[in-house]
Amino acid sequence: MIDTAMLMAAGLGKRMRPLTATRPKPLVKVAGKPLMDHALDRLEAGGIRKVVVNVHYLADTIEAHLQARKGAMEFVISDERAKLLETGGGLMHAKASLGDQPFFCVNSDNFWIDGPAETFAMMQRVWDPVRMDALLLLVPQARAYCHSGQGDFHMDANGRLLRRKQGHVAPFVYIGIQILSPAVLRDPPSDVFSTNIFWNRAIEAGRLYGVAHQGLWFDVGTPQAIPVVESILTHG
């Protein structure tokens, strides 16, 4: 049972301006609740008891929000106030707090609706540390609401992933939720780098896997996306 998660909350939220001029993106409200709380509610319902949260932009605001939140989860702050480390660097910086067991890594601005199965329970059923270094939650491109990209990955019948080739389209979009083995947190190329480094290594070793999300996912990246998402939630 995975009971630890990393919640990514340090980004600048540039695409969400002007809403992020005075608040961090994880605290922008969608459907009446901050994006961060949507993610935290699902983590708590999924049995997560410890959440490591990295902070940089308007860090005090996020810390105060977490301190005011009631519930059973323990929050550990991974402080990046001095320097924003990106996703891979943020994970390396938080390594000691994450422990020596597999953990979830979730984008704090992620917004999704569960399908027939609860998302974190479903991913844990698929997770196999013997075969996998990382398990990514994906959604088919056709069901990536408010998303305009060309897809991220191809997935074979066994769930193994390969990246989209430049100039081509891929059928699956990564939606900001993954399980990582602590073994991937090694040999950083610098203190600031992307999680893509860990994924590339896993692909080379044949150990990057994916699972398709059966519910809804929304790319809430801009202010213009918020009313679209809320309309879909209200009217279908």
For the stretch 61-185, the Cα-Cα pair-distance distribution in 10 Å bins from 0, as whole percents, is 10, 34, 38, 17, 2
Report which label in [x] 51; [y] 47; [z] 61 holds the value of percent of Cα pairs over 23 Å apart derived from the coordinates of this structure.
-> [y]
Relative contact order of the chain, defined on C-alpha pairs under 8 angstrom at six or more residues apart (%) = 25 percent
Report the label-to-label distance for Gln150 and Val169 in nanometres (one decimal), using points 7 Å from each Cα along the Cα→Cβ vector.
-> 1.1 nm
Karplus ³J(HN,Hα) for the stretch 45-60 (6.51 cos²θ - 1.76 cosθ + 1.60, θ = phi - 60°; Hz, whole; x = Gly/Pro) runs 5, x, x, 6, 10, 10, 10, 8, 10, 8, 9, 8, 6, 6, 4, 4
Karplus 3J(HN,Hα) series, Hz, for the stretch 116-124 with 6.51 cos²θ - 1.76 cosθ + 1.60 (x for Gly, Pro) = x, 10, 5, 4, 5, 5, 4, 5, 5
Length gained, Lys83-Ile2, 0.36 nm per residue minus C-alpha separation, equals 26.2 nm
Most fluctuating of His93, His213, His65 in the GNM of the chain (C-alpha, under 10 Å) is His65
Of Lys33/Lys165; Lys14/Lys165; Lys29/Lys165, which ones are farther than 32 Å apart at the Cα?
-> Lys33/Lys165; Lys29/Lys165
If each residue's Cβ is checked for other Cβ atoms within 10 Å, how do Val53, Val169, Val130, Val30 rank with the fewest at the top?
-> Val130, Val169, Val30, Val53
Mind sorting Ile179, Ile2 by how few other Cβ atoms lie within 10 Å of their own Cβ, fewest first?
-> Ile2, Ile179
Distance violations [Cα-Cα > 18 Å] among Lys50/Lys95; Lys50/Lys83; Lys25/Lys95 = Lys50/Lys83; Lys25/Lys95
State the answer as a single residue: which of Leu137, Ile226, Gly99 lies farthest towards the positive end of the charge dipole of the stretch 4-235, with beta carbon charges of +1 for Lys and Arg and -1 for Asp and Glu, about the Cα centre.
-> Ile226
How many percent of DSSP beta bridges within the chain run antiparallel, rounded to 5?
-> 50 percent
Most exposed first, judged by fewest Cβ atoms within 10 angstrom, Lys70, Lys14 run Lys70, Lys14
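Bear in mind these aren't lab numbers, they're just calculated from the coordinates by the rules spelled out. Values in this document were obtained by computation on a predicted structure and should not be read as measured data. Positions of Cβ are backbone-derived with ideal geometry, glycine not excepted, and every protein chain shown enters the neighbour counts.
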